[in-house]
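Below is one structure, written out as structure tokens, with a few remarks after it.
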Amino acid sequence: MSANIVTLPRMLDGLPGKAQNTIYSALDNLRVMTSVGNAKVAATMAPSVFRGLILGVARDGDAVQMPAQHSTHFSLTYGGEFPEMYELYRRAVANQWDGDRDLDWSTDVDPENPERPVMPLDYPPFEGLAAKGIKLTPKEKLRFANDIASWTLSQFMHGEQGALYAAAQVTESVQWMDAKFYGATQVMDEGRHLEVFLRYLDTKLQKTYVCNDNLFVILDDLLTDSRWDVKFLGMQIMVEGLALGAFGTMYNFTREPLLKQLLKYVIQDEARHVHYGVLALREHIGKELSPAEIREREDWAYEVALLMRNRFLSHELYYEWFEGRMSLKDWDEVILNAPSMAAFRHLMFLRLIPNLEYIGLMSDRIKAHYDKAGLTSFLGGKNATELSGEDLIRDIAAYKAPTPH
Ligand SMILES: [Fe+2]
Ligand SMILES: [Fe+2]
């Protein structure tokens, strides 16, 4: 990136707030592409970045058409035994739940009930906002906390829609018959996840937000990539890792019993999905890919990991609440330093890094990059094959978010 781009924001200090935000945001989007070191990775991500960040296609309209390019592996021999995968399939069949029957939808969800808040007041970064001169009344604080809940659950819903299509695509493309069996159960799981988040938003919170641009970029990128293993890596390892971090944080914070139970069911399914992903990818990366192909996937995973860590900054909430009262740049700073975000990052990388290590995408070369990003403390942790859904819930509940002061 040229020095001009880096120093430009400082030169814009005298401009009106709206112009500052527009330019800051454009430069920030540009930074996504220019920060990607591997040219091949940058080239494959570029169309999605363009559609998601520059054109903002997920912000308006009724639907987005994504041109999928993968091929379907139609087996003529029905071979390709993968006993561990088959066992996972049997477990998935046995553990299906019914979002309508098994959740108590008669629960009276009152987001303003201080006894059972959907998003308690220790979640939003009120301290950080106050340091930037934003003071909210008690009523506004409550409303803001509820908007954070709606924003977060809306992103879960959009992510689940992406997961549903990715699971369907991977089921077509994967070469082992046992993996196709398993994939079919994941399609059902993701359909159910989409159903319950949609129903919760629709009937309990009655407010939804559009798909965050950065989440859209990742979903668009992996749904339109022709390589099944990149799709798989993107969905089963990266996005599922992100989801486990985000679901886990919400699970820990919420005091609303219906949402807590719903998240518990979803987390247990996601644990199986990641397990499936690491089994297939370890086999594929270890036996099928060339060193150059492995290197490209390592770089891709690293870029997506940074995107997930640095860019889920809920700009939609900023524009709704604080535009004109503080700059977008200050908002980003508040969110990145919020204790609830620290909890999210911790739970996400706790699962993600050991899985990348297990599937063979953590060479010394890329480790140095993760080290620079402060993420190597999670190396050597338990990967998805060593953890059940119950283990995950226990680990999540054991994590104590730093208390705001
Ligand atoms: Fe899901
Ligand atoms: Fe999933």
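No lab work stands behind these numbers, since they all come straight from the coordinates. Values in this document were obtained by computation on a predicted structure and should not be read as measured data. Every residue, glycine among them, receives a Cβ derived from its backbone with ideal geometry; neighbour counts consider all protein chains shown.
Which of rounded, prolate or oblate describes segment 34-151 when judged by the alpha-carbon gyration tensor and an a/c cut-off of 1.5? Oblate shape, in that a/c is at least 1.5 and b/c is the bigger or equal ratio. The residues HIS275, HIS70, when put in order of fewest to most other Cβ atoms within 10 Å, stand as HIS70, HIS275.
Counting pairwise Cα distances across segment 134-267, what percent come out greater than 25 angstrom?
Values: 2716 of 8911 pairs.
Pairs farther apart than 25 Å: 30 percent.
Could you give the semi-axes, largest first, of the ellipsoid that matches segment 319-404, computed as the square roots of 5 times the alpha carbon gyration tensor eigenvalues and rounded to whole Å? Before the final figure, lay out the partial values.
On the way: eigenvalues 182, 70, 21 Å².
Computed over segment 319-404, the values are 30, 19, 10 Å.
Size estimate for the chain follows the Kirkwood approach: the inverse of mean 1/r over distinct Cα pairs works out to 22.0 Å. Ranked by the mean number of other Cβ atoms within 10 Å of their residues, highest first, the peptides 159-165, 238-244, 317-323, 291-297 fall in the order 238-244, 159-165, 317-323, 291-297. Seen through its C-alpha gyration tensor, with square-root eigenvalues sorted a ≥ b ≥ c, segment 163-225 comes out oblate because a/c lies at 1.5 or above while a/b is not bigger than b/c.
Based on Cα contacts under 8 Å between residues 6+ apart, the chain shows a relative contact order of 23 percent. Of the candidates GLY360, GLY191, GLY17, which one comes out as most mobile in a Gaussian network treatment of the chain with C-alpha springs shorter than 10 Å? Maximum fluctuation in the GNM of the chain, among the listed residues, is at GLY17. A cut-off of 5 Å between modelled amide H atoms, ignoring neighbours fewer than 5 places along the same chain, links GLU323 with no other residue. With R₀ set to 45 Å, the beta-carbon distance separating LYS207 from THR77 gives a calculated FRET efficiency near 0.30. Report the calculated FRET efficiency for VAL93 and LYS287 (r = Cβ-Cβ distance, R0 = 30 Å), to the nearest 0.05. That gives a FRET efficiency of 0.60.
Taking only DSSP H segments of four or more residues, each worth -39500 (n - 2.57), what value at 222 nm results for the chain once the sum is divided by all its residues, to the nearest 500 deg cm²/dmol?
One gets -20500 deg cm²/dmol as the mean residue ellipticity at 222 nm.
Each of ALA184 and ARG394 was given a label point 7 Å from its Cα along the Cα-to-Cβ line. The distance between the two points is 3.4 nm. Sorting LEU356, LEU262, LEU136 by the number of Cβ atoms found within 10 Å of their own Cβ, with the fewest placed first, yields LEU136, LEU262, LEU356.
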